[in-house]
Amino acid sequence: MADQSVFRITKELSDLQKNSDLSLAVACRDIDVRNVKALIIGPHETPYEFGFFEFDFKFNKDYPRKSPTVTCTTTNSGRTRFNPNIYANGKVCLSILGTWRGEPGEEWSAAQGLESILLSIQSLMSTNPYENEPGFEDANESSDKKNQKDYVQKIRHETLRISVIQRLEEYLGMDAGGSIQPTVPSEYDLDMDTLDEDSSPFLPFKDLCKRRFLWYYDSYLTAIQKGKEETKDGQSFARMPFEGVSNSMEGKFNYTELERRLRNIKKALDEETDRWAAEGMEAKTKETTVAVNLYRQFEQVVESFKRADLPHSIELVDNNPFIWAVTYFGKPMTNLDGGLFKFRVHFSPRFPEEQPRVRFETRLFHHRISADGTPCYVSALNKREDAKSHIEAVIDALEEEQPPYDPRTLVNPEAFKLYWGGVDDRRNYNRRLRRSVQRSMEDF
Amino acid sequence: MKVKIKRWNAVAIWQWDIPEDDLCGICQAHFDSTCPACKYPGDDCILLSGKCGHNFHMHCILEWIKQDSAKGQCPMCRQNFEWAEQTNQASGDATQALARA
């Protein structure tokens, strides 16, 4: 009787992980399902766009009769209030959590749960968060209009600085200057089982955020460009009327600095991917489980593509099972017809905990491929360790004929805008895609 | 060919006679299985239907409704939760249980 709630939490966790929502992620340690970490990726066309916001959920024994306790942990160590309803101390004011007086019918109910709370928090991250503050919903004086603009401007800056840049620097062991702390190479690195679970920090979103960073890198740069036009370096943030002494968002704009740090992170991530090759060679010599597994998967994929008579070819680069070079012929009767595309799949020695990183060598103007050649594809969660499913997912993303509008797949801002623009824009997009397809053949 | 039946075992399945939603909104388990507190589905872990059309495991909705903060409302639609009268034995038990609660 005691642990009834565990049953429901476990179910909710697995449902959320299965439906692979691109803007939500949840995780907990196997031994403790009552303490859940959740990640919300800031919505498109808001100042929170593609920021990484993390929350701690604590489910008590009386869940779901009572709501869980929710704390925001992306607060710049308790110094930054990201939203009128998300305080610097981590408190999340939400009527369904009982942390805010709500209209009747907005309180907690047993039919609410992890996902509905996350969606409620995500809806706080809006285009104009100023009006979330009670009393400011319809504020429309000229001073309010200025405040609304100033508020959006500083949230965008801090979203980039704190939720993206600081987080990634921490993951990569970098300081703001861009230098990386040398990590002592350890024999145990390749053997995760020997680590004591409790003593190691629990960073479930590390690999996810790194991969999302590569997706959204161009959008971050676009946001920085916009910020540079609207603010001056050294200009102080405007204080909002509802911000208190220890519950506000203070600081100065410095987009030049942000851009430098952002570029350093991109460089460090690319170097990390490159390092996997050398680490992989070493793993191959030592015949680690991952190396043997990848080599076997490679042989199977080659065989199955051959059997299915697919016009793809796959080779190992330098006979390294951690780098696969894929050549793929564009599908006939589509915009990709007549193209010849090469991409590489880089595997980590920690695969599948660290998911592969794919990079197109062929330059292709496509709304699902970023400027540096990173494709935006989603592999099913239950097939994370299946290398073939990654390759198929990349090709599916490329060939998808009528994708649903989904700004979370916005990895190439220019192509995305044309693709989802008017009729003329779409024609222009198709033309540019076909031109790049044609060039791929000529270059080959 | 003549066949002589010596012995036969009847097998039957049962399920709750409810309209559509097959998950309990509170524990999110199937109605045909039990609520998290029970081991065996059926008479030991029965369902309760509200007039609003929402169904729950009896144990789940009783746990919810006995709290003051629930204000007697259905967790799904927040209307006052009143159980629908039913003729079968199971809901009779539930009504008694609710009366005791």
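The values are calculated or read from the model by the stated rules, or taken from the named source; none is laboratory data. Predicted, not measured: the structure shown is a model, and the values here were computed from it. Every residue, glycine as well, gets a Cβ built from its backbone with ideal geometry; the counts of neighbours run over all protein chains shown.
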Open item on the list: Here are the criteria: (1) within 14 Å of chain B (Cβ to nearest Cβ); (2) of a type outside the set (A, V, I, L, M, F, W, C); (3) part of a helix (DSSP H, G or I). Tell me which single one A:Q17 does not satisfy.
Closed with: (1)
- [ ] Within region A:239-258, count every residue that is of a type outside the set (S, T, Y), surrounded by fewer than 18 Cβ atoms within 10 Å (Cβ to Cβ) and part of a helix (DSSP H, G or I).
- [x] 1
TODO: Taking A:I96 as the residue in question, decide whether it is closer than 17 Å to A:S120 by Cα and crowded, with 21+ Cβ neighbours inside 10 Å.
DONE: no
Open item on the list: Against the condition in a loop (DSSP other than H, G, I, E, B) and either in the same structural domain as A:K266 (by TED's automatic domain parsing) or modelled with pLDDT under 95 (or both), how does A:V411 come out, does it pass?
Closed with: no
TODO: Output the residues belonging to region A:193-233 that are among the small types (G, A, S) and modelled with pLDDT of 95 or more.
DONE: A:S219, A:A223, A:G227
Open item on the list: Can you confirm whether A:L310 is in contact with a helix residue (DSSP H, G or I) (Cβ under 7 Å, 6 or more places away or on another chain) and assigned to a loop (DSSP other than H, G, I, E, B)?
Closed with: no
Open item on the list: Only one of A:Q148, A:Q166, A:Q112, A:Q153 is polar (S, T, N, Q), assigned by TED's automatic domain parsing to the domain that holds A:E259 and more than 21 Å from A:T80 (Cβ to Cβ). Can you tell me which?
Closed with: A:Q112
Task: Scope region B:54-68; condition under 20 Å from A:I9 (Cβ atoms) and either in contact with a Cys (Cβ under 7 Å, 6 or more places away or on another chain) or within 8 Å of chain A (Cβ to nearest Cβ) (or both); matching residues - done: B:F56, B:H57, B:H59, B:C60, B:E63, B:W64, B:Q67
Open item on the list: I'm checking my understanding of the structure. Among residues of region B:19-53 that are assigned to a loop (DSSP other than H, G, I, E, B), of a type in the set (A, V, I, L, M) and facing another protein chain (nearest Cβ under 10 Å), which one is surrounded by the most Cβ atoms within 10 Å (Cβ to Cβ)?
Closed with: B:I26
Task: Residue match in region A:388-405 (condition: in the same structural domain as A:V326 (by TED's automatic domain parsing), under 21 Å from A:T46 (Cβ atoms), surrounded by fewer than 22 Cβ atoms within 10 Å (Cβ to Cβ) and out of contact with any Asp or Glu (no Cβ under 9 Å at 6 or more places or on another chain)) - done: yes
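Which of the residues belonging to region A:93-145 are of a type outside the set (D, E), assigned to a loop (DSSP other than H, G, I, E, B) and within 13 Å of chain B (Cβ to nearest Cβ)?
Correct list: A:G98, A:G102, A:P104, A:G105, A:W108, A:S109, A:A110, A:A111, A:Q112, A:G113.
Tell me yes or no: at least one residue of region A:34-42 is assigned to a loop (DSSP other than H, G, I, E, B), out of contact with any Leu (no Cβ under 7 Å at 6 or more places or on another chain) and closer than 23 Å to B:I26 by Cβ.
Yes, region A:34-42 contains at least one residue that is assigned to a loop (DSSP other than H, G, I, E, B), out of contact with any Leu (no Cβ under 7 Å at 6 or more places or on another chain) and closer than 23 Å to B:I26 by Cβ.
Yes/no matrix, rows are residues, columns are (1) away from chain B (no Cβ under 13 Å); (2) surrounded by fewer than 16 Cβ atoms within 10 Å (Cβ to Cβ):
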site: A:A25; (1), (2): yes, no
site: A:D30; (1), (2): yes, yes
site: A:V33; (1), (2): yes, no
site: A:F52; (1), (2): yes, no
site: A:R65; (1), (2): no, no
TODO: Taking A:P47 as the residue in question, decide whether it is buried (at least 22 other Cβ atoms within 10 Å of the Cβ), within 13 Å of chain B (Cβ to nearest Cβ) and either assigned to a strand (DSSP E or B) or touching a helix residue (DSSP H, G or I) at 6+ places or on another chain (Cβ under 7 Å) (or both).
DONE: no
Task: Odd one out for A:R81, checked against (1) basic (K, R); (2) under 26 Å from A:I162 (Cα atoms); (3) touching a helix residue (DSSP H, G or I) at 6+ places or on another chain (Cβ under 8 Å) - done: (3)
Open item on the list: Could you check region A:105-137 and list, in sequence order, the residues that are under 27 Å from the mean Cα position of the chain (by Cα) and among the small types (G, A, S)?
Closed with: A:G113, A:S116, A:S120, A:S123, A:S126
TODO: Starting from region A:323-341, take each residue that is part of a loop (DSSP other than H, G, I, E, B) and list its partners that are basic (K, R), counting only C-beta distances under 6 angstrom and pairs at least six apart or across chains.
DONE: A:N335/A:R434
